[in-house]
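This report concerns only the one structure given below.
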Amino acid sequence: MSVRLNGSTVFTEHPVTVSAFSAIGGKKEGEGPYGDCFDYIDKDGFFGQKSFERAESAMQGLALQNALEKRGIEPSELPLLIGGDLLNQCVGTSFSAKDFGIPFLGIYGACSTMAEGLMIASLLVDGGGFDKAAAVTSSHFCTAERQYRFPLEYGGQRTPTSQWTATAAGALIVEKGDKPPFIRAVTVGKIEDMGIKDANNMGAAMAPAAYSTISNFMKDTGLMPRDFDYIVTGDLGNAGSRILCELFGRDGIDIEKNHADCGRMIFNQTAQDVHSGGSGCGCAASMLCGHFLREIRDGRLKDILFAATGALLSPTSSQQGMTIPGISHLVWISANHGEV
């Protein structure tokens, strides 16, 4: 069974590996600096569908199907699917999942959903409840804009701290195995709320949660930033990344040298007009499944901390003037199972 430390961190007892992974993106994501990391890029963001919401479901289903094909198994051979998205009641995922007929757990962690799904899947596999499990999530620029902000036709001006929701999806399969990437440990985050109310400044709302979770991992394990190739957050963007580094700086810890943020990576911020960077469930998921897992599998990276972050707002809470709670869940992903 998994080994829990005196804190919120749990170590896997068995070699738990990510045996297959897939990343799908839209046209803008394909034009970014990591466009070659995607398994498929759609030409117009509709994925052959008549609405953006149906397009998101189709995109997510494509990511899962591609991961299954890479692993060489049928949906009927997968005993558990864990997933969610940004839409009300996670309809993007539920309409995608119904086509596969896989036992399903729906989750919501906003942009932290991939870390949450990977964490749950890894612990369930390590504990012996399932021989394998999949985690999937997605986001779509047009569905998110319609739900959280304004219809695209409105043409509202974006603030400098605003982020561009990625049209992307990521899916992965976890099971016990002897090949990297391995899941070494997970840290469950807690809600942090610093009073931010601006829905166009989610990086500031999420940065304290990332700081809290990463700090708790370090306290639980005694490990420091220098022990990892990268501390990967998603998706703080420019504003949130700066705040995170400042928070650790107050503790005398420099994470800037090996900090990477998926929101800052997925787009070319000079050539593509994305303001503070990318965001959305699919941003961190696609960068993890398209880039970082591949780098670990192929031996170019040894250890990363994947700390995806979520802004837990809704249109209703924003309209009522409520603050934006933040959450961050962390997964230690390694080329080795038993050593740093």
Contact order relative to length for the range 214-340, counting C-alpha pairs under 8 Å separated by 6 or more residues, stands in percent at 27
Quick calc, the range 182-334, dipole around Cα centre from Cβ unit charges on Lys, Arg (+) and Asp, Glu (-), nearest 20 debye, gives 220
The ³J(HN,Hα) series, computed from each phi in the range 79-85 with the Karplus coefficients 6.51, -1.76 and 1.60 at θ = phi - 60°, rounded to the nearest Hz and given as x for glycine or proline, is x, 7, 10, 10, x, x, 7
Using alpha carbon centers only, the range 63-138 is separated from the range 15-48 by a whole-angstrom value of 17
Residue by residue through the range 271-283, the couplings from Karplus 6.51 cos²θ - 1.76 cosθ + 1.60 with θ = phi - 60°, in Hz, x for Gly and Pro, are 8, 10, 7, 10, 6, 7, x, x, 7, x, 3, x, 5
Which residues qualify? For residue 82, with a placed amide H closer than 5 Å and at least 5 residues away or on another chain, they are 105, 134, 135, 136
Residue-normalised 222 nm signal for the chain, counting each DSSP H run of n ≥ 4 as -39,500 (n - 2.57), nearest 500 deg cm²/dmol, is -9500 deg cm²/dmol
For the range 182-334, the charge dipole (Cβ of Lys, Arg +1; Cβ of Asp, Glu -1; about the Cα centre) points to a positive end, and the Cα of 315, 201, 283 closest to that extreme belongs to 283
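Using 0.36 nm per residue, how much length does the chain from residue 273 to residue 320 gain when fully extended, once their Cα-Cα distance is taken away?
Fully extending the segment from residue 273 to residue 320 adds 13.9 nm.
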At the level of C-alpha centres, the distance separating the range 229-243 and the range 266-336, in angstrom, is 8
Computed for the chain: size of charge dipole around the Cα centre, +1 on C-beta of each Lys and Arg, -1 on C-beta of each Asp and Glu, debye to nearest 20, value 220
Amide H proximity to residue 20 below 5 Å, modelled H, separation 5+ or other chain, gives 173
Both in Å, the radius of gyration and Dmax of the C-alpha trace of the chain are 18.2, 53
Short to long, in 5 Å steps from zero, the percent of alpha-carbon pairs of the range 182-334 per bin is 2, 10, 19, 23, 21, 14, 7, 3, 1, 0
Once both label points are put 7 Å beyond Cα along the C-beta direction, the residue 77-residue 258 separation in nm becomes 3.7
Residues whose built amide H sits under 5 Å from the amide H of residue 185, excluding neighbours closer than 5 in sequence, are 12, 332
Per the 1/(1 + (r/R0)^6) rule, R0 = 56 Å and r from the Cβ atoms of residue 219 and residue 51, FRET efficiency to 0.05 is 0.75
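For the range 242-340, which GluC sites (Glu not before Pro) are in a loop by DSSP, counting at most 14 other Cβ atoms within 10 Å? Write down the numbers at each step before the final one.
Values: sites: 246, 256, 295, 339; in loops: 339.
Sparse-neighbourhood loop GluC sites (Glu not before Pro): 339.
May I ask you to derive the FRET efficiency for residue 89 and residue 197 from their Cβ-Cβ distance with R0 = 25 Å, giving the value to the nearest 0.05? Numbers along the way, then the final one.
Working: r = 24 Å, r/R0 = 0.98.
Plugging the Cβ-Cβ distance into 1/(1 + (r/R0)^6) gives 0.55.
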With x for Gly and Pro, the residue-by-residue ³J(HN,Hα) of the range 8-14, computed from phi through the Karplus equation 6.51 cos²θ - 1.76 cosθ + 1.60 at θ = phi - 60° and given in whole Hz, is 10, 9, 10, 8, 6, 8, 9
Rounded to the nearest whole number, the per residue volume of the convex hull around the C-alpha atoms of the range 3-176 in Å³ is 138
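Each reported figure results from applying straightforward, stated rules to the coordinates on display, with no laboratory input. Bear in mind the structure is a predicted one, so any value in this text is a computation, not a measurement. Neighbour counts run over all protein chains shown; Cβ positions are idealised from the backbone, glycine included.
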